[in-house]
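Submitted below is the structure of interest, expressed as structure tokens.
The values are calculated or read from the model by the stated rules, or taken from the named source; none is laboratory data. Bear in mind the structure is a predicted one, so any value in this text is a computation, not a measurement. Note that we place each Cβ from the backbone using ideal geometry, even for glycine, and neighbour counts take in every protein chain shown.
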Amino acid sequence: MDLYRLFLHLVRFVVLGFAAYGRLSAGTIDPHTPDSKYIEFGKKFHNVVGISAQVKCLNPECEFKEHKQQGSAVVIRPHWLLTAAHVVRDGTKHTALLADKVEQDLSHVVCHEDFDDSKFGVHDIALCYSPKEIAMEFYPPLYTKSDELGKPITFAGWGFSGTFYTGATKSDGLRRAGQNVVAGTQPSVLLCEPRRVNKFPLEFMIAPGDSGGGMFIGNELAGINSFLLANDGKPDGTYTDESAFTRVSLYTDWVEAQIQAHETALQQK
């Protein structure tokens, strides 16, 4: 997809953060593949955790003044997580949702300075700091090359689930993961779409609630789940949709600079 076509699609854009009070299930799947295989594969993605932000309710008909907005995040270092900026921006309290429903407060959240809600998918990236160490056996390095096109990918999140026929229709509190291939690249996003032929055994798409989760090339973090593009006007992860990811390779210097600045400030206190 060229850049002009990408922006034509923005009228059919949906951000994938989700306002809710429970944890979310993840991703749409190939209707010919058992869901249990995606759930089992999802267990391998320990670094992809849940994240929540307490935000003001802008709907005048909402009975609550605030609600808990939930999405996904990737633990990249013992004290640091990467997520999508639209998931955590304007939140008053941020919490990482770890294994066994353990909640861990985040004390520092920084969105990319050029992120703008009106410019869909542009600079949709944020860093979160956890004062308490998040212990993982492995912390994924960031992808630094610009050769993503055509690469096989894996990705995971805590969003809605369903099939490529039904779209995202359910939530059951399970992390899912699957496979695809980078079919398109733009200056700030990577794209993939569900295939009917020449597909992977666990062909997969992101769905509402997966925002902020990780997309990997090998064991390196190459993308942050950001949004869906829908040719049918319904961005729900069906065969006509495309998954879009923030292109991590463009932001490695920004990530390192933000981490160094905050850790230096902590040492000076």
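Quick check: anything in the range 4-14 modelled with pLDDT of 70 or more, surrounded by fewer than 17 Cβ atoms within 10 Å (Cβ to Cβ) and either under 25 Å from Phe164 (Cα atoms) or within 17 Å of the chain's Cα centre (by Cα) (or both)?
The answer is no; no qualifying residue exists.
Given the residues Thr169, Thr238, Thr264, Thr246, which is the only one that is assigned to a strand (DSSP E or B), surrounded by fewer than 24 Cβ atoms within 10 Å (Cβ to Cβ) and not aromatic (Phe, Trp, Tyr)?
Result: Thr169 is the single residue among Thr169, Thr238, Thr264, Thr246 that is assigned to a strand (DSSP E or B), surrounded by fewer than 24 Cβ atoms within 10 Å (Cβ to Cβ) and not aromatic (Phe, Trp, Tyr).
Filter the strands (runs of 3 or more DSSP E) completely within the range 34-126 down to those with at least 3 residues that are more than 23 Å from Glu137 (Cα to Cα) and in contact with a strand residue (DSSP E or B) (Cβ under 8 Å, 6 or more places away or on another chain).
48-56, 66-77, 108-111
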